[in-house]
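Have a look at the structure below, then the notes.
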Amino acid sequence: MPNSEQSTPDFRSGFVTLVGRPNTGKSTLINALVGEKIAITSTRPQTTRRIIRGVISRPQGQLILVDTPGLHRPRTLLGERLNAIVAEAYSDVDLIACCLPANESSGSGDERIISEITGKIPLIAIVTKSDSVPKDALPKRLLEVSKLAPWKEIIPVSARKGDQIEKLRELFISYLPTGPALYPDNQVNEDDDYMVFAELIREAALEEVSDELPHSIVVVIDEIQEKNIKTIFATLFLERPSQRIIVLGPGGERLKKIGTKARREIELVTGKQVFLNLHISIEKEWQRNPRSLEKFGF
C-alpha cells in the first residue's frame, strides 16, 4: 500500500513521460533519476521496446517516470506497434519531457516528435548528454532548442555524471497535481522478475552481436526455479537460422559471453547467486508476424 504519511494536502503525485528520437539517452536518464537500473541501455537505436515505469518517492511528492521506445519511421509491424505504444503513453500524463542530445543538432525527426506532443500537456525540454560538448558550446544548443516548441522549462543534464539530476527530479514533481502516493514508497518499478530478467539478457546480447542483428532478438523467460541457487531458463528468439551462428559464435563462445554478462547483471539486481540456462530458437520474421508479436507481448 502507498505510504499514508505522504498523503498531505500539498503532496504531489503523477506521471511524466520521456520521449525523443532513438538513442537520445532516455533509458540512461531514467536509470539515473530512479537511482537504480530499471531500463536497459545500448548504443543501438530502438533498444527500448516497452513502456517502463520508474517510481521516485520524495517527501514532497511521488513521481512516476514513463520511459518509452524512441519514435522512429517504422519499417516493420513491430515498429508500427512501438510507435503506437509511445502515442498512448503520452496521451494520459501530467507532463511530457522531450530528450534532445547536446551533441546533435535538431532535425526533421525531432520536429516530427515535437509536432505530435505539442498540445494541452505541458512540455519540458531536457538537453541530454550535456557533458559531451564544451561548456561554451552548450548555450548555443540551448538557444536552438528554445525555438523548437513552447517549452515550460529547458534544462541541460548529464545522466552519466549526475549533473542536475536532483534538480530535474524536483522540477518534475513541481509540475504534478496534488494527490496521494500511487505506489509504496520503497517500490522503484512495476515490472515482474520475468520481464526484468528477459531485458537484462537482451541487453547482454545487444552488446555482443553485430550491427545488423539487434532488432531480430527477443528474449522469453521460460521458467524460474527457486532452490539453493536461483535457476533461470530463457530462450533467445531470432528470425532466421543464419542468425543462430552469429549468436552462438565459434564453439558457442559468444552465447557463453552473453550468459555470463546477463548472469552478473541479474545477480546484482537480485542479490542472489544465479544459474542461467540459455537456448536459441527461430521465430521466422517475427517482427512482421502479428501472431508472433502477440506471443511476445507486442
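Per-structure values
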{"item": "Environment charge of T178, counting only residues whose C-beta is closer than 13 Å and scoring Lys/Arg +1, Asp/Glu -1", "result": "-1"}
{"item": "Cα centroid separation - segment 128-162 against segment 247-298, whole Å", "result": "36 Å"}
{"item": "Residues whose placed amide H lies under 5 Å from that of R58, excluding near-sequence neighbours", "result": "L63"}
{"item": "Efficiency of FRET from Cβ geometry, I121 and S281, R₀ 45 Å, rounded to 0.05", "result": "0.60"}
{"item": "Segment 172-298, relative contact order [Cα under 8 Å, separation at least 6], %", "result": "25 percent"}
{"item": "W151, W286 arranged by Cβ crowding within 10 Å, fewest neighbours leading", "result": "W151, W286"}
{"item": "Protection proxy ranking, peptides 95-105, 21-31, 229-239, average beta carbon neighbours within 10 Å, highest first", "result": "21-31, 95-105, 229-239"}
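Quick note: the coordinates plus some simple rules give every number you see, no bench work behind them. Bear in mind the structure is a predicted one, so any value in this text is a computation, not a measurement. With ideal geometry, Cβ positions are generated from the backbone for all residues, glycine too; neighbour counts draw on all protein chains shown.
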